[in-house]
Every structure is written in C-alpha cells, then in structure tokens.
Amino acid sequence: GQINSDNTDRKVLANMVQTLEYIVKKGEGQAKNFALISLGKLAGSISTPKLRGRIFDTLRTVMKKASYTSKPFAALALGLMGRAANGAADRDNIREAVRFEFVEFRGDPKNRGGYAIALGMLQDQKGSDALIKVLEDKSAEKRLRGACAIALGMIKDRKAMKAITKALSEKSSRELRVDTAVAAGLIGDSATVKTLIDLLKDPRSSLFVQGSVSLALGRIGDRRAIEPLVQ
C-alpha cells in the first residue's frame, strides 16, 4: 500500500489491485485485513477514476457483508482512501458509506469503534451527532465510547465538548478518561483546561492518565497549565 502509484505503470498497478482483491476474497485473518488497508492506501494516490471506483466498491462490499472481524478494517481503509481523495464528491460518497454503517451497525461494539475512527479520519461533520449520542450513552461499551471521543476530536467538532468534558469526569474507566483527554487536546478547547488540571493533580490518577492529560494540555497550549505541569 505504500507504493507510489504515480511512478507505477498502470498495468502493474491494476495487477497489484487485482492481487490484493484476490487476498481479500480468498485470504484469511490478518492477511485479508492487511490487504484491505493496502487497498485503501493505494486508492488514496490513484488518479484513475475507474480503478478508484473499483477499490471503493470492494471496500464497501466487505464493510457491508463480510465477517465482523474484517468490517472495521474495510472502514479504516475507506478512511485512508477518503482522507487522500482529491474531489469533494468522492470524499462525500465515502463518508456517507461509513456513516451509514456506523449508525446501523449491530454487532461487536469493538468493531463499531473502527467505524468511529474512520469517521474521524474522514472528518465527517455529519456523523458528529451519532458519535456524540454513543459517547453520552453510559451503557455503551467503554472502548466504543472512547473511540467516538477520539473521532470527535479528529473532526474538531466543538459542539461535542460538553459530552467530552462530562465523560472526562467519569471515574469508572481509565481508558475512557484517557481517550476523552486526547479528544479535548485534539479539539484544543481551553474550556476543558480546568478539568484536565484537576485530573493531573488528582492523587488517584494513574501515571497513564496523567501522561495523557499532560499531552492534551500541551496540545491546547493554555498558560494556566504551565505551573501544574512543572509541579
């Protein structure tokens, strides 16, 4: 997937895509998943509309119909493809496909987290409401909620800050607090600085949580964080 398609003969490129598609269809386990990621990475640099469309159809089909273990890899591959897409219409089609699967997904919540991160990679503003809804749902799986928080951070949607700050204050899950701290840092909203500083000073916070909060404070860049970080 790292091969530069601009410097590759079109026939060779088509053969590469065909080989990867064969592995996606006939391969098993990680081989199939890595092939999906390679297709997404290749598609991001391919300028031929027909070949890009072929890869998009392959990835979308896997995301919709394949086994649960391969679905999130197909979504992440579409995230790679869409992030590098040149045309707005092309990117919007990819966003719509991933967003639909995230909203309608019924299965392992860990796999749904892959869809959430893909929406973040695609910076899908239209998917924000669905991501916020899951983040606010305390009955949802913690890792899925964390993935939604990080996705919202990647999208940089400031209307998600209320949900992110609230989840950041929950003490039931270390991983969720770390993910929401990262999300706050990605958005760069100084309104969360007090909450982050309180977490940094809390003697019950683990080194893992303190480290993640420190990185978030550094990314936000608010001067109020200097003294607590020095301490």
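The values are calculated or read from the model by the stated rules, or taken from the named source; none is laboratory data. Keep in mind the model is a prediction, meaning the values are calculated, not measured. Because the Cβ atoms are built from the backbone with ideal geometry, glycine has one as well, and the counts that use them run over all protein chains shown. Areas reflect the complete protein model, heavy atoms only, side chains present, ligands, DNA and RNA absent. Shrake-Rupley method; radii C 1.70, N 1.55, O 1.52, S 1.80 Å.
Let me spell it out: the conditions are (1) open to solvent by 50 Å² or more (accessible area, probe 1.4 Å); (2) in contact (Cβ under 8 Å) with a residue 24 or more places away in the chain; (3) within 19 Å of residue 164 (Cα to Cα), and residue 198 meets all of them except one. Which number is the exception?
(2)
Return the residues of the range 44-61 that are of a type in the set (Ser, Thr, Tyr) and surrounded by 17 or more Cβ atoms within 10 Å (Cβ to Cβ); say none if nothing qualifies. Outline the logic, then answer.
Taking the range 44-61 first, the residues of a type in the set (Ser, Thr, Tyr) are 45, 47-48, 58, 61.
Answer for the range 44-61, where residues must be of a type in the set (Ser, Thr, Tyr) and surrounded by 17 or more Cβ atoms within 10 Å (Cβ to Cβ): 45, 58.
Filter the range 1-31 down to the residues that are under 15 Å from residue 78 (Cα atoms) and of a type outside the set (A, V, I, L, M, F, W, C), then identify the one that is modelled with the highest pLDDT.
21
Return the pairs, sorted by first residue and then second, in which the second residue is open to solvent by 30 Å² or more (accessible area, probe 1.4 Å), the first residue lies in the range 125-136 and is without any contact (Cβ under 8 Å) to a residue 40 or more places away in the chain, the beta carbons are less than 6 Å apart, and the residues are 6+ apart or on different chains.
Qualifying pairs under 6 Å: 127/99; 130/103.
Confirm whether residue 13 is open to solvent by less than 90 Å² (accessible area, probe 1.4 Å), more than 21 Å from residue 121 (Cβ to Cβ) and not in a loop (DSSP other than H, G, I, E, B). Talk me through it step by step, then tell me what you get.
Details: open to solvent by less than 90 Å² (accessible area, probe 1.4 Å): yes; more than 21 Å from residue 121 (Cβ to Cβ): yes; not in a loop (DSSP other than H, G, I, E, B): yes.
Spelling it out, residue 13 is indeed open to solvent by less than 90 Å² (accessible area, probe 1.4 Å), more than 21 Å from residue 121 (Cβ to Cβ) and not in a loop (DSSP other than H, G, I, E, B).
Here are the criteria: (1) modelled with pLDDT of 90 or more; (2) open to solvent by 10 Å² or more (accessible area, probe 1.4 Å). Tell me which single one residue 64 does not satisfy.
Unmet condition: (1).
Specify which of the listed residues (71, 41) is open to solvent by 50 Å² or more (accessible area, probe 1.4 Å), in contact with a helix residue (DSSP H, G or I) (Cβ under 6 Å, 6 or more places away or on another chain) and charged (D, E, K, R).
Exactly one residue qualifies, and that residue is 41.
Going through 178, 134 one at a time, which residue ends up being under 15 Å from residue 212 (Cβ atoms) and open to solvent by less than 60 Å² (accessible area, probe 1.4 Å)? Can you show your working first?
Values: 134 fails: under 15 Å from residue 212 (Cβ atoms).
Criteria check complete, one pass: 178.
Within the range 111-126, which residues are of a type outside the set (S, T, N, Q) and over 22 Å from residue 37 (Cα atoms)? Spell out the reasoning first.
Keep residues of the range 111-126 that are of a type outside the set (S, T, N, Q), which gives 112-122, 124, 126.
If the condition is that a residue be of a type outside the set (S, T, N, Q) and over 22 Å from residue 37 (Cα atoms), then 126 is the only one that fits.
Here is a check on your reading of the model: is residue 166 closer than 19 Å to residue 132 by Cα and out of contact with any strand residue (DSSP E or B) (no Cβ under 7 Å at 6 or more places or on another chain)? Please lay out each step first, then the result.
Values: closer than 19 Å to residue 132 by Cα: yes; out of contact with any strand residue (DSSP E or B) (no Cβ under 7 Å at 6 or more places or on another chain): yes.
Judged against the criteria, residue 166 is a match.
Whether any residue in the range 166-173 is within 16 Å of the chain's Cα centre (by Cα) and of a type in the set (Gly, Ala, Ser) is what I want to check.
First, the residues of the range 166-173 that are within 16 Å of the chain's Cα centre (by Cα): none.
Scanning the range 166-173, I find no residue that is within 16 Å of the chain's Cα centre (by Cα) and of a type in the set (Gly, Ala, Ser), so the answer is no.
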